[in-house]
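In what follows, a structure is listed as structure tokens, so that the remarks can point back to it.
The values are calculated or read from the model by the stated rules, or taken from the named source; none is laboratory data. Computed from a predicted model, the values in this text were never measured in an experiment. All Cβ positions, glycine included, derive from the backbone under ideal geometry; neighbour counts span all protein chains shown. Only protein heavy atoms, including side chains, enter the accessible area calculation; ligands, DNA and RNA are left aside. Shrake-Rupley method; radii C 1.70, N 1.55, O 1.52, S 1.80 Å.
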Amino acid sequence: MERNQFLLFLSFLFSTIATILGIAILVSGSSLARYSSGTGGSLFQASEIGAVVIPIVGEIHSGESTFDSTGADTVLRQLRDLEEDGNIKGILLEINSPGGTVAASQEIFNELLHLRKTKKIVVSMKDVAASGGYYIAAGSDYIFAENGTITGSIGVISFAPNVKGLLDRYGVGVRTYKAGKYKDMYSPFRDSTNEEDDMIGKQLQDTYRKFVEDVAKGRNKTVKSIEELAEGKIYSGEDAFRNKLVDDIGGRREAHKKLSELCQYDGLIPLFEEEYSPFERMIRSLGVKFLGEGSQATKIRSLLQSQVLVILPTALGKLML
């Protein structure tokens, strides 16, 4: 009897969860993309002149954003929607990210460069805007950082674990079947060859060179001047300002004022921000927990799918993926 009651309880629990997740899908498909005025105005309407706040938070990766990571597909969709809206004169990017995958950072950077032709873009850096976070910032018209912001880290890193010594110690062998000489180049079960190391090195150098060139292009600097500041060096906001990696010291207030000036708006231009109700946040969190949308495993898998990563060096502390 107790067993039947337990099964009945589990059935009820799963039905409830399924219902909640169903609502979550409906909510995310319809009412999540709402904007409200960050300056005390009314709900965003297409007839209003204003600017939009877009956050770049956490690890940068391909796919959709979560509450603690930035998906390139989500950001690109937002930027392309704003491109079609003539009443949106500018964008305030708030960046708090240690970086992420190369391709995702490049996609967002390239879209910002394109959007700069018709919109004004200002960046406000928070705690960290390094590596891929700085890559994206370089696509803007003007960058603000706080004195204590960690930024820079213009560099590329690629890694693969090697457990061969551990396996040898316990007499464990791994058989690999492959078609293609280099198919298991990143295998954790063997040492890499000199030829493979050279190939990986070339891949890193190609990506690094593109990173430096893009930053130079976005910042209207020479490649040589950016090379001198690159090599993965980390800067405080104040140091980045002295080295002209950012344009000024300040936060949202200063960035908002500058964006208004660039948009030639009399006074402070209204800022519209995407809003989530407490209920929507709860639903999204449940969806993350039960569907694994924002799980650590998903983020790690997303990062490792790109063999080359643009990330904050772990020397500064534990990197949270």
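Applying the criterion of being closer than 13 Å to Ala138 by Cβ and either of a type in the set (Lys, Arg) or outside any helix (DSSP H, G or I) (or both) to the residues of region 100-121, the residue that is nearest to the chain's Cα centre (by Cα) is Ile121. Listed by position, the helices (runs of 4 or more DSSP H) enclosed by region 196-273 that each have at least 1 residues that are touching a residue at least 24 places away in the same chain (Cβ under 8 Å) and open to solvent by 50 Å² or more (accessible area, probe 1.4 Å) are 237-242, 252-262. Arg190 passes every criterion in (1) part of a loop (DSSP other than H, G, I, E, B); (2) crowded, with 18+ Cβ neighbours inside 10 Å apart from (2).
Within region 148-178, count every residue that is hydrophobic (A, V, I, L, M, F, W, C), in a loop (DSSP other than H, G, I, E, B) and open to solvent by less than 40 Å² (accessible area, probe 1.4 Å). Summing the residues that are hydrophobic (A, V, I, L, M, F, W, C), in a loop (DSSP other than H, G, I, E, B) and open to solvent by less than 40 Å² (accessible area, probe 1.4 Å) in region 148-178 gives 2. The residues listed here are Gly294, Gly237; of these, the one that is within 21 Å of the chain's Cα centre (by Cα) and at pLDDT below 50 is Gly294.
Would you mind stating whether Leu113 is open to solvent by 30 Å² or more (accessible area, probe 1.4 Å) and hydrophobic (A, V, I, L, M, F, W, C)? In short, yes.
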